Every structure is written in structure tokens, then in C-alpha cells.
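The values are calculated or read from the model by the stated rules, or taken from the named source; none is laboratory data. Source: prediction; values computed, not measured. Reconstructed Cβ throughout: ideal geometry from the backbone, glycine too, with neighbour counts over all protein chains shown. Note: areas computed on protein heavy atoms with side chains; ligands, DNA, RNA excluded. Shrake-Rupley method; radii C 1.70, N 1.55, O 1.52, S 1.80 Å.
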Amino acid sequence: MGFAVYAAWTKLGEREVYVYAATLILLAVYSILLLVYRSRRRMSEYTFRVFFMSLTIVEMMATGVVGVCMNGTIGRSTYLDEQKAYEAMIERRQDDSFFRSDIDSSRMRNENMFLGGNGVVLFSSTMPAATVDLCKSLGIEARTNKNGYNGFTKLTNDLFGVKYVVSRTDSDSLYQMTKVDYEEPLAMYQNPGVLPLGFMANPEIKEWDIEEEGTPLDRQNRFVELAAGDHSLFFLNQNIEMEDGETYSVILPAGKQVYLYLPVAVEKVEITTPEYSKSYDRYTDHLYDLGCFAEDTQATVTVTLKESQTVVTASAYVCDDADYKEMHSLLADEPLELSLAEDGKIRGTVTAKTAGTLLLSIPYDEGWKVKVDGEETKFVRIGEALTGIDLEAGNHEISMDYTPEGLWPGTAVSILCAALYLVTAAIAARKTTA
């Protein structure tokens, strides 16, 4: 109860007031029941069980109802309709290459997995902390052991190989991608500049520090400078001091990618661009892609602040699209040509014009075994979270095989425990019959 009071006082977890209140009340009631039962004077064991289980059932039912209400009025068919739509559109694409795809919905974290796609978005208790930290540092929505599609830029979409995005927003283009298909209730958008699973980068990319001071776009600038030897691409265009409930205009210059960065979480953000109108009320401290258009136009932003906030500062950054394409051509010039990409197994070839680092958008994990031209080789961390392989100039065959660390020792221990259980069960059974 002391910890619950501390959490409520410090707003730990950023929960609503009723969450802290309900937790304290339930803890108090459970404690009273246990203390009364322990006295053995005023309550029988049967009565205690009835009260305790009744309270537990009420709590479980209330949690279920609140969970459904928080999720909105969504039925099972909503999920199935989106799954069927995604499957139909992917089948029509007839794309046999390896690619990642995501959905910009926040209805559930692993919706891309439910749809059947390989995505960047994941909610998993075994998600590496470094992956979450990388997403945070780049301005992508991320918390503890999960991330979301919100906050991707053209660069991060390309870098992480997001070839398709599906959305309930139906327009000619979205997130600087072109609409290529529609199946009720989803539209599919294709990223024309997606980078392959691996590509050659300058060896200096190993110096990329995702914890450097600055904004997410400063870190993306640093990536560009190290990986491609190019100059910075993202530049601050305007700062906006935002007050509660006010609507502000953001200039979208012709031929410029424009991103809005909100460094602190607010109660709600509403954004309208020539492509979409969206509101965000869960996690709001990330980047927002406002698009890239052929003519000058504008977007509008409205924020609803939390009770403790008076003013928040948002920053609008621009990136010249022509400069971006020049930089992109440098990264795409020496790709890893895949011959096989499946769970735990990667095969491909790459031609390195000069000595450098093969950068893979695969989370770094010691369970990988990497071979270059048939010889096992070491691999390195890039940005604390991605995988890199140092290569000399020339043609190279790359093979990667994954075995989770501790798989075989763990299997052996499990087999031993099962054998011990069977032996002890047999001994117990023999003693009983005797």
C-alpha cells in the first residue's frame, strides 16, 4: 500500500487517478479480510473463502469491462475484416521478396503480426531493451517492451525496410508512400525507396551513438553523416509555443519533407494535413510525418495539455526531398542480394566497392552465427541495436543462422527435470501400492 501511495503521489506510470484509487481500496479490503481471517475469531474459513473469492471475481469482471470500454466498441469481426483485407492485398501484390509491412492502427500492438506481416512494430516481453531505446532515440513511439508505427520518417521507413503500410485512412498518398490497393476497410501504401535487409555503409557507422544529446532528427542526421558520408538533411524550420486547445498552422514548403517533433507527452494531439486527419491520445511524445508535397501548403496542429502543463514547445523540421534522394542512392548502391530469408536463416551476396560495414536492419543478438565466404566471422553492434559485418572490398557470400542463446542447455535441463519427475512419481506409486 505504501508503494501504491508513492505511485499515486509521483504519478508513476502516468495512470488516471481512479486507477491509483481503485488499487488502494482493493489492497485495503484484501488486507482487512486477511487480518480478520487470521484472527480466527470473527470469521470461519468457509465465510472467508466466500468473501475473498467474491471480491476477486468482482475485480476480474470490472477489469474486463473497463478493458473493453478502453478498447472502444470493437467486435471480433473488425479484426477479421482487416486480416482478410491485408491477406487479399498482399496476394495481389505477388511480391516474393523479403519485406516488412506495418499498420498505423493503435488498436492492438501486434496487429501487424495478427494480419500476417513481418513488421517493425512489436509488443513482447522478450523485446530487447536496445531495440526500444533505438526507436525512442529516433523519435518513434516506444515504451518499455513495445513500440508503435507513430513517429516514422522517410529515412526510418527506408532504413527498416517498411515496404508496405496499411491504414484505414484512404487517400492517394500517405506518409510519403503511394496508394497501390484498397480492400475494405484498409488502403495499402507502397514505399518506393525501401532499402534492402542489408546494405554497405561507411565503417564510421560503428561510431553512431544513439544517446547523443539532441533531438531524434539530430540523431538521424548523424546516421546520414556516418553511414553515407553526406551532410545533414533535417533542419529546424520553426518552433511553436503551444497552449491548451489552441490550433496552430505549420508551413509545408514545396519539395520538402516536414516533420513535427513533440518532446513531451500531452493529453491529446490533433493533426490535419492535406493527406489525413488524426488524433493521438495515448503516446504523444514522438515525431509526426506531415508529408512532402509538390506545392506550398500547410498542416494544422491542436494540443490538449495535461493539468500540470501550461505551454509545450513543438518543433517543425524540414528535409529537402531532392537532397534526400541523393543520399538514398548512396545507401542503395551496394545492396545485400537475398537468395533466402526465413526464420533464423539468411543467405545472400553483396559486392563491396570499398572496405566498409554491411549494415543489417536485424536486431543485434548473440544467437546469430555469421559466415562470410564460408568462414565464421564476428559481427558488431550498430547504434546499440542493429547488426553490422565488416567486409573488405569485393564479392562476398553472406550466411546467417540463428539459435537462441541457451537453447540446448535449457533443453537438457528440461529433459533432466522430466526424467527426475518420472522417477520420483514411479517411486511414490510403488510406495503407495506397497
- Compute the acute angle (0 to 90°) between the alpha-carbon long axis of helix 45-71 and the principal axis of greatest extent of the alpha-carbon atoms of the chain; round to the nearest 10°. 20
- Could you give the distance between the Cα centres of region 367-430 and region 81-148, to the whole Å? 25
- Message: Can you order the peptides 54-61, 286-293 by their average number of other Cβ atoms within 10 Å per residue, highest first?
- Response: 286-293, 54-61
- Message: Angle check, please: helix 216-228 long axis (alpha carbons) against the longest principal axis of the chain (alpha carbons), in degrees 0 to 90, nearest 10.
- Response: 50
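When only the heavy atoms of the protein chains count and the probe is 1.4 Å, how do Trp368, Trp408 rank by accessible area, highest first?
Trp408, Trp368
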- Which of Asn118, Asn110, Asn395 fluctuates most in a GNM of the chain (C-alpha springs under 10 Å)? That residue is Asn395
- So how tilted is helix 76-93 from the main axis of the chain? Cα-based, degrees 0 to 90, rounded to 10. 30
- Task: Please build a GNM for the chain, connecting alpha carbons under 10 Å apart, and tell me which residue among Val65, Val301, Val194 fluctuates the most.
- Result: Val65
- Item | Choice from Glu397, Glu141, Glu342 showing the highest fluctuation, given a GNM over the chain with Cα pairs closer than 10 Å | Glu342
- Note on the structure: A 1.4 Å probe over the protein heavy atoms gives the chain a carbon and sulfur accessible-area percentage of 54
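Is it possible to state the helix-based mean residue ellipticity at 222 nm for the chain, with each DSSP H run of 4+ residues giving -39500 (n - 2.57), the sum divided by total residues, to the nearest 500 deg cm²/dmol? What is it?
Rounded to the nearest 500, it is -11000 deg cm²/dmol.
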- Relative contact order (%) - criterion: Cα under 8 Å, at least six apart; region: region 132-214: 24
- Query: Which lysines does Lys306 reach when only Cα atoms under 28 Å apart count, and residues fewer than 8 places away in its own chain are ignored?
  - Reply: Lys11, Lys136, Lys146, Lys268, Lys278
- Message: Among [x] 69, 46, 41; [y] 78, 57, 37; [z] 81, 64, 44, only one was calculated for this model; which label is it, if the read-out is Cα extents along the principal axes in Å?
- Response: [z]
- Task: Whenever you get a sec, line up Thr63, Thr126 from highest to lowest accessible area (probe 1.4 Å, protein heavy atoms).
- Result: Thr126, Thr63
- Accessible surface of Lys136 - all protein chains present, 1.4 Å probe, nearest 10 Å²: 100
- With the Cα gyration tensor of region 1-83 giving a ≥ b ≥ c as the square roots of its eigenvalues, does the rule (a/c under 1.5 for rounded; else a/b larger than b/c for prolate; else oblate) give rounded, prolate or oblate? oblate
- Item | Sequence-separation-based contact order of the chain, relative, with Cα cut under 8 Å and 6+ spacing, percent | 12
- Query: In square angstrom, what is the accessible area per residue of the chain with a 1.4 angstrom probe?
  - Reply: 54
- Message: On a straight-distance basis, which lysines could pair with Lys353 in a cross-link, Cα separation under 27 angstrom, same-chain partners fewer than 8 positions away excluded?
- Response: Lys154, Lys163, Lys206, Lys325, Lys345, Lys369, Lys371, Lys378
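Please get the size of the charge dipole for the chain, origin at its Cα centre, with Cβ charges of +1 on Lys and Arg and -1 on Asp and Glu, quoted in debye to the nearest 20.
Numbers: 39 positive and 63 negative charges, 637 e Å.
For this selection, approximately 3060 debye.
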